[in-house]
Amino acid sequence: RVGVIGTVGTVDSGIHASYLKKLDPEITVIGKACPLFVPLVEEGWLHDPVTAEVAARYLQEFKDKDVDTLILGCTHYPLLTDVIGDVMGPGVELVSAGEESAFELKRMLKARELRADERRRGETEFYVSDRVEDFERTASLFLQ
């Protein structure tokens, strides 16, 4: 029993369920949008009681349905792994879709000999549609 959480667009797309059903037609996939997680992360409320309450409300359905694996289908959600893990308990495996995608991309680039030399330093430029200060704070959470 696999749960998938993500934005409304991600969950409504059904992409995770479709892929998992190809792997195992008998698998049960339950999707749920958790749109408040993104602004909570961007606000920096990673370990806040409000975030814990929102997570408890969003995730109760998965607990009721005995989900054993929960896919974190949004790039922001892994930053809430501690809170989500506390709500779901130790018997539920949390899978970061973003992290798994990054690992797969790294494998593909390496296999095709397209991966840049790790010792080479590059430059990155970011364009944002909101306040630069807010982006810098959020980006520092993601990029450490």
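The values are calculated or read from the model by the stated rules, or taken from the named source; none is laboratory data. Since we're looking at a predicted model, the values are computed, not measured. Positions of Cβ are backbone-derived with ideal geometry, glycine not excepted, and every protein chain shown enters the neighbour counts. Heavy atoms of the whole protein, side chains included, go into the accessibility calculation; ligands, DNA and RNA do not. Shrake-Rupley method; radii C 1.70, N 1.55, O 1.52, S 1.80 Å.
Counting only helices (runs of 4 or more DSSP H) that sit wholly inside segment 81-144, those with at least 2 residues that are open to solvent by 100 Å² or more (accessible area, probe 1.4 Å) are 97-111, 132-143. What about ASP68, is it acidic (Asp, Glu) and over 20 Å from VAL29 (Cβ atoms)? Taking the combined requirement at face value, the residue does not satisfy it. Residues in segment 46-55 that are in a loop (DSSP other than H, G, I, E, B) and either under 16 Å from the mean Cα position of the chain (by Cα) or among the basic types (Lys, Arg) (or both): LEU46 only.
For the subset of segment 61-80 comprising residues that are at pLDDT 95 or above and part of a loop (DSSP other than H, G, I, E, B), which member is most open to solvent (accessible area, probe 1.4 Å)? By that ranking, first place goes to ASP66. For segment 22-52, a residue qualifies if it is within 20 Å of GLY91 (Cα to Cα) and loosely packed, with under 14 Cβ neighbours inside 10 Å, and exactly one does: ILE27.
In the set TYR19, TYR58, which member is open to solvent by 30 Å² or more (accessible area, probe 1.4 Å), under 30 Å from GLU133 (Cβ atoms), among the aromatic types (Phe, Trp, Tyr) and assigned to a helix (DSSP H, G or I)? The conditions single out TYR58.
For the residues LEU94, LEU23, the requirement of being at pLDDT below 95, out of contact with any Asp or Glu (no Cβ under 7 Å at 6 or more places or on another chain) and over 27 Å from GLU136 (Cβ atoms) singles out LEU23. Counting residues in segment 127-144 that are within 20 Å of the chain's Cα centre (by Cα) and of a type in the set (Phe, Trp, Tyr) gives one or more.
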